[in-house]
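**Student:** Let me begin by handing over the structure; questions about it come next.
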Amino acid sequence: MTAGLELTRDGNVARLTFTRPDKHNAISFDMWSAIPGIVAEVEADPAITALVLTGEGENFSAGADIAEFGELRSTADGAALYDKAVHAAVTALAEMVTPSIAMIRGNCIGGGCQVSVACDFRFAAEDARFGITPAKLGIVYDYTSTHQLVSLVGPANARYFLLSANLVGAARAREMGLVNEVRPAGELAGAVEEFVATLATRSQTSVRGMNRIIGKIAAGQDEQDDEIDQLRRDAIHGADYAEGVAAFLERRKPRFTTPR
C-alpha cells in the first residue's frame, strides 16, 4: 500500500484512511496516483457494499501536499502531470457504483474537500471545516471537480467557495448542500456505521444501478442510453426484484442475496 494510505475491511465495508496525521493528512502525488487502483480493487469485490473514506487523527485532509509543488508543479509539464493524477483520482471516486461515504472530522480543505465532493455522501462532525482554496495559490480549479461542486451546491455556492477561498463550518456546509449529515464528534462513527448498514440491506442491483444512472446525470447526460436500458432490464429479470415483491406481499423484510 502507498505511504499515506491504508485500505482495510470490516465485514462488507471497506475503509480508505489518509494516514499522515503529522501533516494534517495532506495528499501527496503518490497518494493521488494510488487512488484509482484502490477504487478498482473495491469495485471488483462483489461483497463490498460501501467504501468509507476518512483521515487518521483530528483531520480528514488539509488538501494536496503543497510542499511538493515546488518540485512537481514548477513547470507546465509538471503541473499537467500532477493535475492528471488528481483528475484520475476524483474521476475514479465519482464513477464508483459502490456507494462511497466521506466521514469528516476537522479540516476538509482544498484537495481534501475535492475528494469528499467526489464521494456519494459526506457525514461531518460538528467541528469540521470546509474550504476550496485555489484562489490562494493562483490555480484555476479543475473542470471536472468544478462541475462536481456546481452539481452539488449550485453555482452561487460554488462561486462562494472557489472565489473567496473562505472556510465554512459544518452547519453552514450543510445549509449550502455540501454535507448530508452533521453529528457531534462522538456520534459520527456510529452514524456512518448505521448508514452503511442500511445500504447493505438494500438490493445491491438497485443501489449500483441507480448510482450509475445518477453518475451519468451528474456528468451531464440528459437522456436514457443503451446501458441504462440494460441495467433496468437486468433488474426486472433478476432475483432481487422477485424477492422484493414477494417480501412486500408477505409483509416481511426482503432478504437480498444477489451479487452485482
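**Student:** For the range 18-36, which positions are surrounded by fewer than 20 Cβ atoms within 10 Å (Cβ to Cβ) and either more than 18 Å from ALA88 (Cα to Cα) or touching a residue at least 60 places away in the same chain (Cβ under 8 Å) (or both)?
**Tutor:** THR19, PRO21, ASP22, LYS23
**Student:** Could you tell me whether any residue of the range 37-48 is modelled with pLDDT of 95 or more, touching a helix residue (DSSP H, G or I) at 6+ places or on another chain (Cβ under 9 Å) and either surrounded by fewer than 17 Cβ atoms within 10 Å (Cβ to Cβ) or not assigned by TED's automatic domain parsing to the domain that holds ALA185 (or both)?
**Tutor:** yes
**Student:** Something else about it: Which one is surrounded by the fewest Cβ atoms within 10 Å (Cβ to Cβ), of the residues in the range 220-257 that are among the hydrophobic types (A, V, I, L, M, F, W, C) and under 30 Å from LEU152 (Cβ atoms)?
**Tutor:** ILE228
**Student:** Now, a different point. Just to be sure I understand, how many residues within the range 193-223 are on the phi < 0 side of the Ramachandran plot, modelled with pLDDT under 95 and in a loop (DSSP other than H, G, I, E, B)?
**Tutor:** Adding up the residues that qualify gives 4.
**Student:** Please find, within the range 78-127, the residue that is surrounded by the fewest Cβ atoms within 10 Å (Cβ to Cβ) out of those that are polar (S, T, N, Q) and free of Cβ contacts under 8 Å to residues at least 60 places away in the same chain.
**Tutor:** Looking at the filtered set, the residue picked out is THR91.
**Student:** Looking at TYR160 and the list (1) aromatic (Phe, Trp, Tyr); (2) free of Cβ contacts under 8 Å to residues at least 24 places away in the same chain; (3) within 27 Å of MET96 (Cβ to Cβ), which single condition is not satisfied?
**Tutor:** So TYR160 meets the others, but not (3).
**Student:** Could I ask something else about it? Hey, among the residues in the range 7-17 that are surrounded by 15 or more Cβ atoms within 10 Å (Cβ to Cβ) and not polar (S, T, N, Q), which one's farthest from VAL52 (Cα to Cα)?
**Tutor:** It comes out as LEU7.
**Student:** I'm checking my understanding of the structure. Among residues of the range 111-148 that are modelled with pLDDT of 95 or more and of a type in the set (Asp, Glu), which one is farthest from GLU68 (Cα to Cα)?
**Tutor:** Ranking the candidates gives GLU126 first.
The values are calculated or read from the model by the stated rules, or taken from the named source; none is laboratory data. Only a predicted model underlies this, so the values are computations on that prediction, with no experimental measurement involved. Quick reminder, even Gly has a Cβ in these numbers, built from the backbone with ideal geometry, and neighbours come from all protein chains shown.
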